[in-house]
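As structure tokens, the structure follows; a few thoughts come after it.
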There are 2 protein chains.
Amino acid sequence: MADEQVFSSVWARPEKTRTARPTLSREQIVTEAIKLLDAEGVEALSMRKLGQALNAGATSLYRHVANKDQLLELVVDEVYGELCVPVLESPGEWRQAVRALAHEMRAMLLRHPWIAPILGLVGSSYLGPNVVRLSDEMLGLLEDAGFSLTEGNATVKSMFAYVIGWTMSEAAWLLALARSGQTEQEWLEQMRPAMERVVETHPRLGKLFEAQSEANAGRDTTEISDAEFDAGLDRFLDGTRPTNH
Amino acid sequence: MADEQVFSSVWARPEKTRTARPTLSREQIVTEAIKLLDAEGVEALSMRKLGQALNAGATSLYRHVANKDQLLELVVDEVYGELCVPVLESPGEWRQAVRALAHEMRAMLLRHPWIAPILGLVGSSYLGPNVVRLSDEMLGLLEDAGFSLTEGNATVKSMFAYVIGWTMSEAAWLLALARSGQTEQEWLEQMRPAMERVVETHPRLGKLFEAQSEANAGRDTTEISDAEFDAGLDRFLDGTRPTNH
DNA sequence: TCCCGGTGCGTACGGTGTTCGCAATGACGG
DNA sequence: CCGTCATTGCGAACACCGTACGCACCGGGA
């Protein structure tokens, strides 16, 4: 390698004369980072691999992005850009709208299960353009439905908290499963002994497992978790309404 | 260094004859890891530093812990051990009990703001003894209050989701603030320009900020966030009650 | 034409998780 | 009392990481 380097300036000019004007852009970097994260997970994202995926050197990225941390902020905001706030047809339908956005958000977080840990590190990147747009539109929707600005803000924040918290644990499960490289069946089978030891000392949990596997017999697992997510969301919404003033 | 190594076996036996029976234990490692995480944050926890803090070599830790990942699982469960489920004095007081646990949990997560990103990586380490104990006791409490097992489980899961989601964003803020090494005032002042640019294009957000700073004038910031957390929690609880059957 | 700001990137540094083999120890069976 | 042996600590090494720095190179403006 080092030897080649010594001669390279002699026997050949760089074969592909580098067009020095932006062959690399911040957008390209961010979208490629997301692709890499989706494909291989959060621990597989390194500046070197990302550069490689872009046919570029690792350190070239630093011309367009200050940090890996900043890159992650950009990534988070970009992903929030996948969400779009539903339109409110009549003021009474704010509840459906909030539910729809919550579902969109859960789907997005499950599409990109690596976001959860990043969110904890990077905050919600509150000032990213997409996050700002999302907050603003959501606030407008609730305003149209009769919420005051502060009420609407509180509603959005609480709803986001529930969705993120819930989906984070789902995503962590999915990640663990993916890392193990096993099917869900094998995975469950593998930790059955630990399960049984738990049930032995905590019979109440055993009864819960029985009741659940009975109630869920024959149902699809994604159907089940959809329903559980909705149930919790509905509890939250049942306690929420605009004050008439 | 290497030279010294050659002679070391000659001019001296190891000064402190290593007692080969456990000078190191899994518990010590976990508690020291937590101390380190609290003191210096998640990116400061390395096996070498942890070993150093324990007067041990980095690789010695691997005799007691399989992985860094496993260590983090142990850490998470240990921290959950700080929580204790309140006692239910009468069946009607389940609401206060749930609120109390939620508060405990939020306080714990803010005491250890590094957990949020770890939780996303490691799952909730569902089978750790402390997590299991917590779930079981909480389930028992709600059972005494008239919830069925599946209802109680759904309630606990949803409540945890809200608390984790909410507190994660609080914790991320605290972490960012701590990393910047500035006071909250300086920090806010520093990103005022970005704030103003946002307000310019999104006047609704500007009105929200005004309304909030007016409503919160003179109040302590921790008092404010406590109240906001409680408000969201109450919405959730308002939509939750045991079915009489 | 010449220069100069912007861009790509090779090199290098300090740090990371983890494997491996060796040294040393205490407990135990004879 | 003396081997034997599983267990523990640990130094060295490997592959990889984020990133600072300096140089080569290009395109556009004077």
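Quick note: the coordinates plus some simple rules give every number you see, no bench work behind them. Everything numeric in this text was worked out from a predicted model, so none of it was measured. In this analysis, Cβ positions are derived from the backbone assuming ideal geometry, glycine residues included, and neighbour counts consider all displayed protein chains.
Summary of values
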{"quantity": "Identity and axial distance of the chain B residue whose Cβ lies nearest the axis relating B to A, Å", "calculated": "B:G165, 1"}
{"quantity": "Inter-chain Cβ neighbour average for residues A:230-243, partner chain, 10 Å", "calculated": "5"}
{"quantity": "Per-bin percent of Cα-Cα distances, chain B [5 Å]", "calculated": "1, 5, 10, 13, 13, 12, 11, 10, 9, 6, 4, 2, 2, 2, 1, 0, 0"}
{"quantity": "Residue exposure sequence - A:R26, B:R63 - by fewest surrounding Cβ within 10 Å", "calculated": "B:R63, A:R26"}
{"quantity": "Shielding by partners - mean other protein chain Cβ count within 10 Å, residues of B:152-164", "calculated": "6"}
{"quantity": "Rg [Å, one decimal], Dmax [Å, integer] - the stretch A:109-192, C-alpha atoms", "calculated": "17.3, 52"}
{"quantity": "Separation in nanometres of the label points that stand 7 Å from Cα toward Cβ, at B:E89 and B:S148", "calculated": "3.1 nm"}
{"quantity": "Most positive-pole-ward Cα, B:L101, B:H202, B:I224, against dipole of chain B from beta carbon charges", "calculated": "B:L101"}
{"quantity": "Shielding by other protein chains, B:167-173, mean Cβ within 10 Å", "calculated": "5"}
{"quantity": "For chain A, built as a Gaussian network whose Cα springs stay under 10 Å, the top-fluctuating residue of A:A145, A:A53, A:A227", "calculated": "A:A227"}
{"quantity": "Kirkwood Rh, angstrom, the stretch B:194-245 [1 / mean 1/r, Cα pairs]", "calculated": "13.7 Å"}
{"quantity": "Cα shape, the protein assembly as shown, gyration tensor, a/c 1.5 rule", "calculated": "oblate"}
{"quantity": "Phi-based couplings in Hz for the stretch A:59-74 (Karplus 6.51, -1.76, 1.60; Gly and Pro marked x)", "calculated": "7, 5, 4, 6, 6, 10, 9, 6, 9, 5, 4, 5, 4, 5, 4, 4"}
{"quantity": "Point-charge dipole on Cβ atoms (K/R +1, D/E -1) for the stretch A:20-160, about Cα centre, debye to 20", "calculated": "600 debye"}
{"quantity": "Simple label model, 7 Å out from Cα along Cβ direction - A:Q212 to A:A58, nm", "calculated": "4.2 nm"}
{"quantity": "Residue among B:A161, B:L141, B:S46 farthest towards the positive dipole end of chain B, charges placed on Cβ", "calculated": "B:S46"}
{"quantity": "Residue order, fewest to most beta carbons within 10 Å, for A:D144, A:D77", "calculated": "A:D144, A:D77"}
{"quantity": "Excluding exposed DSSP-loop GluC sites (Glu not before Pro) (at most 10 other C-beta within 10 Å), longest clean stretch of chain B", "calculated": "B:90-245"}
{"quantity": "Expected 222 nm ellipticity per residue - DSSP helices of 4 or more, -39500 (n - 2.57), all of chain B, to 500", "calculated": "-22000 deg cm²/dmol"}
{"quantity": "Dipole magnitude of the protein assembly as shown, debye to nearest 20 (Cβ charges: Lys/Arg +1, Asp/Glu -1, about Cα centre)", "calculated": "1600 debye"}
{"quantity": "Net charge of neighbours whose Cβ lies under 14 Å from the Cβ of A:E186, counting Lys and Arg as +1 and Asp and Glu as -1", "calculated": "0"}
{"quantity": "Separation of alpha-carbon centers, the stretch B:29-91 and the stretch A:39-91, rounded to whole Å", "calculated": "31 Å"}
